[in-house]
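Read-outs: derived from the displayed coordinates by stated rules, not from any lab. Please read all numbers here as calculations on a predicted model, not as lab measurements. When we count neighbours, we look across all protein chains shown, and the Cβ atoms used for this are built from the backbone with ideal geometry, even at glycine.
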Protein chains: 2
Amino acid sequence: MTTATPSRRPRVVIVGGGFGGLEAARGLRKAPVDVTLIDRTNHYLFQPLLYQVATGLLSPADIAAPTRFLLRRQKNAKVLMADVESIDPVGRVVRADGGRLEVPYDYLVVAPGARHSYFGHPEWERLAPGLKTLADARELRQRFLLAFEDAEKSADPAEQKALLTFVVIGAGPTGVELAGILPEIAHRVIRTEFRRIDPTQARVLLLEGGPRVLPAFPEALAERAHRDLEKLGVDVRTGALVTAITPDAVSVGEERIPTRTVFWAAGNAASPLIRSLGAKTDRAGRALVESDLSLPGRPEVFVIGDAAAAALLPGVDLPAGPSPQWVPGLAAAAEQMGAHAAKMIVRTLENQPHRPFTYRNRGELAIIGRNKAVANFGKFTITGRFAFLTWLFVHLMLLVGFRNRVSVFLEWGYAYLTYRLGARLITDPESTRAARRAGDRSGG
Amino acid sequence: MTTATPSRRPRVVIVGGGFGGLEAARGLRKAPVDVTLIDRTNHYLFQPLLYQVATGLLSPADIAAPTRFLLRRQKNAKVLMADVESIDPVGRVVRADGGRLEVPYDYLVVAPGARHSYFGHPEWERLAPGLKTLADARELRQRFLLAFEDAEKSADPAEQKALLTFVVIGAGPTGVELAGILPEIAHRVIRTEFRRIDPTQARVLLLEGGPRVLPAFPEALAERAHRDLEKLGVDVRTGALVTAITPDAVSVGEERIPTRTVFWAAGNAASPLIRSLGAKTDRAGRALVESDLSLPGRPEVFVIGDAAAAALLPGVDLPAGPSPQWVPGLAAAAEQMGAHAAKMIVRTLENQPHRPFTYRNRGELAIIGRNKAVANFGKFTITGRFAFLTWLFVHLMLLVGFRNRVSVFLEWGYAYLTYRLGARLITDPESTRAARRAGDRSGG
């Protein structure tokens, strides 16, 4: 099946409907082109709040909206929900759905994002799921809630203790935010609901292989975040390299930490789609792009977002941290790259030369817990309650759509005032238990 | 593992945390007993609104709340999330989780509800899923939304037509409500979002084996509902017995209706748990109970809700319909039965005789679409916009918890005013596609 739409207008295909892909589509709304946005899911997802879905504070619909709803008024844009498997940059065609769908292009924007990297241990994935999609968030939520349910049923104190030990691996913003919210839920939200176990005995460990938490933030903020996490009761361990994960424990060097619930927030690898492009990649599988974000030798193909390794131009506002030479893997950066790719396509149609991409640093925030956050705006930093309120405000404003903003605002207000969460549901215990059992076989 | 809680107080075990089970637990809040409520899920579910989750209008968290949250203040109640597999009425023990959990009882309330009955065609289940749980609702929602997505990708008009044909089997309240909302979504909500297909061409068929829709309602209301459904564009067929379901079509007698999406709302069968009780059952597998809702010969065991066949007492307000001799399978009836079982347990402890259960008919409502509903209160009936508003009000009030009421109220208001739905998400396309493929093998 080939989508042979009769059209003389240039065909722009965008692979991936995240921050970068959607912004690229919107940037082409007035261009004389036919845009086809292809995504594996039917929705745009506000990933920075995914950990709040994973912990039952928000519902999936609070942070996601159907992609075709967001583009319904853009008449030159079409949305296809399909699983892109490969790109043929010579034949200029995108292949999806087991070869049943072929979408030819004149211009291509590749924005498939990243998946987790388990550093050569793919068998850890089922034992320590990560957090990229709504399905991931449901899986994390079920594992977290099922651990308490199973502990309440258990008569064995050692088993109860292992069930009430939660390990988060990786202390970037996602790991910090996840580790920070877990003790608050255990100690405040569900404290009164159990009869046999004491949820306040739940232990949360945050394991970071590097020397400190939040490596992309300035050192003073990282130290503050570390202290704030410890105040919340999180056992933070830096320089803690995980050597083994089994269904019963996580090992850090010689130490074996009995646990049944491990969450992965440690590493990213670009989508395997990048390989089919035949481009040069860095260690994380990201395509090394030109200064205009196009692929070397392929000015009609742009790679953006987490799938791109784009060098920062000298003289711009560089973020602090160990890898200052690359555009950081942030939502704001992906959006800027998407807008840039759209502009370069328009310039090509107007026979104008491409321009280099310049990253504008809008700052970076991480929430640690109730009234606790850190924010780095380059020229200044903030912490504590003011950073917490800034985080809430910024994330509310970044949400797409009035409905989501109202809904998330109400959920946050409700949770803040009542210490109750709205979405603490286990809908598929069997799928989670089956995944754990499969992990049992492969990892045990 | 045995739950050997040291206690001299009588142990009451409740199997199932639906309308009946929760009400039984609450009815025992002041009784000198230890209550254990066991449910397969971790939440109480307001099933009458499940079809709105299935169609993307509401989120799961809008109509469900954690059972242990609802019972957190009832200190004599404990909640266990476990899969009850059998009941030994002689040894007075409930077995769950593959025999790993055994819960002894002195008094037992059995409220496991019903599952779908496929009338001797279990292979139809994967091809035509029903609607009882949140997982079911997600599956229906995904099938409905994926059909539009697949139609947009298809270049074959016959395939597109089959993909845009939706068949609902069974015209009780669930089937009527589901069939009524589908054309509204296709014609109004997602009308502007597609480029290749015209969602207003979507066809909805409602197939009923009996002579009319809403068989439990008075004939005049059923006729009104039938006309209202046709006004909405639903192709309503009564006396239409389904003879085959395949991945590509539904057959009614000689007629073959090409479709890829079939929903089942036709028949119920009591939980298979009832068989392990060794009780006499009716054709639907429901336990035939005494007038006090206890099992014959087992005054310490009560069966309530959809799992019980309880005879209506003569002289009470009998509902209209073909089976007036049984207490109807309504939420209100299950709640009344749960409260009665709790009272009878208290009376036993007080050495007082049991009393017969009398059903109080609170009426029955079915919504058909925007401003269209029918309501039967026995002594009078209402239709149209007034019934629609009554339905909204009654269901808002019946929802458990302030949070859910506010949330559902806002979602309804938003959808009514904007013709937009908040939760049109496909989170697990692969699981739905896998289920369909499996259906392919078993049914094709």
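A few remarks follow.
- Chain B: most fluctuating residue of B:Gly363, B:Gly56, B:Gly99 per GNM, C-alpha cutoff 10 Å: B:Gly99
- Applying 1/(1 + (r/R0)^6) with R0 = 22 Å to the Cβ-Cβ distance of B:Asp235 and B:Arg191 gives a FRET efficiency near 0.70.
- Largest to smallest principal axis extent of the C-alpha atoms in region A:62-157, angstrom: 64, 37, 22
- Gyration tensor analysis over the Cα atoms of chain B returns equivalent ellipsoid semi-axes of 39, 23, 21 Å (largest first, whole Å).
- Gaussian network model of chain A, springs between alpha carbon atoms under 10 Å - residue of A:Gly267, A:Gly175, A:Gly253 with greatest fluctuation: A:Gly253
- Of the residues B:His43, A:His116, the one with the fewest other Cβ atoms within 10 Å heads the list, and the complete ranking is A:His116, B:His43.
- Cα gyration tensor shape for region B:208-290, rounded if a/c is under 1.5, else prolate or oblate: oblate
- Modelled FRET efficiency - R0 22 Å, B:Val406 with A:Ala332, Cβ distances, 0.05 increments: 0.10
- Cα→Cβ-extended label distance, 7 Å offset, between A:Val93 and B:Ser291, nm: 7.8
- Hz values of 3J(HN,Hα) by residue in region B:353-361 - Karplus curve (6.51, -1.76, 1.60), Gly and Pro given as x: x, 5, 10, x, 7, 10, 7, 9, 6
- By definition, a body whose alpha carbon gyration tensor gives a ≥ b ≥ c is prolate when a/c is 1.5 or more and a/b is larger than b/c, and region B:272-388 fits this prolate description.
- Both numbers refer to the Cα atoms of region A:329-444; Rg and Dmax are 21.1, 60 Å.
- Percent of C-alpha pairs per 10 Å bin, region A:107-182, short to long: 15, 41, 30, 10, 3, 1, 0
- Partner chain coverage, peptide A:155-161 - average Cβ within 10 angstrom: 1
- Paramagnetic reach from A:Lys75 in region A:27-68 [backbone N under 15 Å; point 7 Å along Cα→Cβ]: A:29-35
- Ellipticity at 222 nm from helices only: DSSP H runs of n ≥ 4 in chain B, each -39500 (n - 2.57), divided by the residue count, give -9500 deg cm²/dmol.
- Length released on extending from B:Glu85 to B:Gln325, taking residue separation times 0.36 nm less the Cα-Cα span: 83.4 nm
- With Cα atoms, 0 to 90° folded angle of helix A:219-231 axis to chain A main axis: 40
- Charge dipole of region B:21-115 (Cα centre as origin; +1 on each Lys and Arg Cβ, -1 on each Asp and Glu Cβ, all else neutral): 400 debye, rounded to the nearest 20.
- The charge dipole of region A:271-387, taken about its Cα centre with unit charges on the Cβ of Lys, Arg, Asp and Glu (plus for the first two, minus for the last two), comes to roughly 380 debye.
- Position A:Thr418, label points 7 Å along Cα→Cβ, spacing to each other copy in nm (shortest first, one decimal): 2.3
- Annotation: the protein assembly as shown has a Kirkwood hydrodynamic radius of 29.2 angstrom, from the mean reciprocal C-alpha pair distance.
- In order along region B:162-169, the Karplus-derived 3J(HN,Hα) couplings, from 6.51 cos²θ - 1.76 cosθ + 1.60 at θ = phi - 60°, round to 5, 5, 9, 9, 10, 10, 10, 9 Hz, and Gly and Pro are given as x.
- Note, ³J(HN,Hα) from phi for region B:25-37, Karplus 6.51, -1.76, 1.60, rounded to Hz, x at Gly and Pro: 4, 5, x, 9, 5, 9, 7, x, 9, 9, 9, 10, 9
- Inter-chain neighbour count for A:187-200: the average number of beta-carbon atoms from partner chains within 10 Å of each residue's beta-carbon is 3.
- For region B:205-347, the Kirkwood estimate of the hydrodynamic radius, built from every pair of different alpha carbons, is 17.8 Å.
- Fully extended contour minus Cα-Cα distance, from A:Glu219 to A:Glu430, at 0.36 nm per residue: 71.6 nm
- Candidates A:Asp88, A:Asp39, A:Asp198: whichever shows maximal mean-square fluctuation once chain A is modelled as a Gaussian network with Cα springs under 10 Å: A:Asp88
- Across the options B:Asn371, B:Ala331, B:Leu221, the greatest Cα extent toward the positive end of the charge dipole of the protein assembly as shown (unit charges at beta carbon of Lys, Arg, Asp, Glu) belongs to B:Asn371.
- Spin-label zone in region A:19-36 - amide nitrogen under 14 Å from a point set 7 Å from the Cα of B:Asp198 along the C-beta vector: none
- Partner shielding of A:63-72 amounts to 5, given as the average count of beta-carbon atoms from other chains within 10 Å of each residue beta-carbon.
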